[in-house]
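Reading through the structure tokens given below for one structure.
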């Protein structure tokens, strides 16, 4: 069962969200106090964090940074702040999404389900690595190994490599990759996928894996 860690200062909003978490069959957890949110997070080891920005002791930005020092767990910010800078700060601090208050609980739960699906579905497998052509993709730490070299991948780069290596020898269409990465984020355009693939190819080439990912014009990408 997925564990959701909720850090919310507004009592009414906290109760509403917590009830919805339980109705959807998730385990809900709250910090012991606002003074020891980080310790509560460590004790809980949740699958996803819902974090208000305005908190009594330490703000959500600070706590997000602390969590990012030890975990890649998805973090969704909840806030009444509505300026572009607040949203940019939330992403720069390591957040994965930003939901502005007042919150529609149906939208919130849809985002939670989508985030959990994207984050954990590709690790639902017995194997912890995928190997192809001497390249080894580690599903546990999102890295690629080749000739004793260690290639660090971003979250999206890792998901792209996972799809391509899982389907090695088959063409994976751009549409399929887009749906897997950003199925509920309509603001992302196709150029974003192109940029990610270019970055992956650069990293692979520097590691000695030139032309590892090939383009099939009008179709998509393939690893042979």
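The values are calculated or read from the model by the stated rules, or taken from the named source; none is laboratory data. If you're wondering where the values come from, they're calculated on a predicted model, not measured in any experiment. Counting neighbours? That spans all protein chains shown, and the Cβs are built from the backbone with ideal geometry, glycine included.
Observations on the model:
- Annotation note: of 19, 43, 9, the sole residue that is more than 28 Å from residue 140 (Cβ to Cβ) and free of Cβ contacts under 8 Å to residues at least 12 places away in the same chain is 19.
- Residue within segment 201-214 that is loosely packed, with under 15 Cβ neighbours inside 10 Å, in contact with a strand residue (DSSP E or B) (Cβ under 8 Å, 6 or more places away or on another chain) and closer than 23 Å to residue 95 by Cα present: no
- Some residue of segment 124-137 being loosely packed, with under 12 Cβ neighbours inside 10 Å and either assigned to a helix (DSSP H, G or I) or at pLDDT 90 or above (or both): no
- Residue 62 falls short on exactly one of the conditions (1) touching a strand residue (DSSP E or B) at 6+ places or on another chain (Cβ under 9 Å); (2) more than 18 Å from residue 106 (Cα to Cα); (3) modelled with pLDDT of 90 or more, and that condition is (1).
- Residue check: residue 140 meets all listed conditions (1) surrounded by fewer than 11 Cβ atoms within 10 Å (Cβ to Cβ); (2) farther than 21 Å from residue 208 by Cα; (3) modelled with pLDDT under 85; (4) out of contact with any helix residue (DSSP H, G or I) (no Cβ under 9 Å at 6 or more places or on another chain) but one, namely (4).
- Taken over segment 1-30, the criterion of being within 16 Å of residue 63 (Cβ to Cβ) and touching a helix residue (DSSP H, G or I) at 6+ places or on another chain (Cβ under 9 Å) is satisfied by 4, 5, 6, 7, 8, 9, 29, 30.
- Listed by first and then second residue, the pairs with beta-carbon distance under 9 Å, at least 6 apart or on different chains, first residue in segment 146-158 and in the same structural domain as residue 117 (by TED's automatic domain parsing), second surrounded by 13 or more Cβ atoms within 10 Å (Cβ to Cβ) and part of a helix (DSSP H, G or I), form an empty list.
- Residue under evaluation residue 57, criteria (1) under 25 Å from residue 140 (Cβ atoms); (2) modelled with pLDDT under 85, criterion not met: (1)
- Which numbered condition residue 184 misses (of (1) at pLDDT 90 or above; (2) not in a helix (DSSP H, G or I)): (1)
- Residues of segment 77-101 satisfying the condition of being over 24 Å from residue 154 (Cβ atoms) and either touching a residue at least 12 places away in the same chain (Cβ under 8 Å) or touching a strand residue (DSSP E or B) at 6+ places or on another chain (Cβ under 9 Å) (or both): 78, 79, 80, 81, 82, 100, 101
- Among the residues making up segment 29-43, those that are modelled with pLDDT under 95, farther than 19 Å from residue 94 by Cα and surrounded by fewer than 18 Cβ atoms within 10 Å (Cβ to Cβ) are 32, 33, 34, 35, 36, 43.
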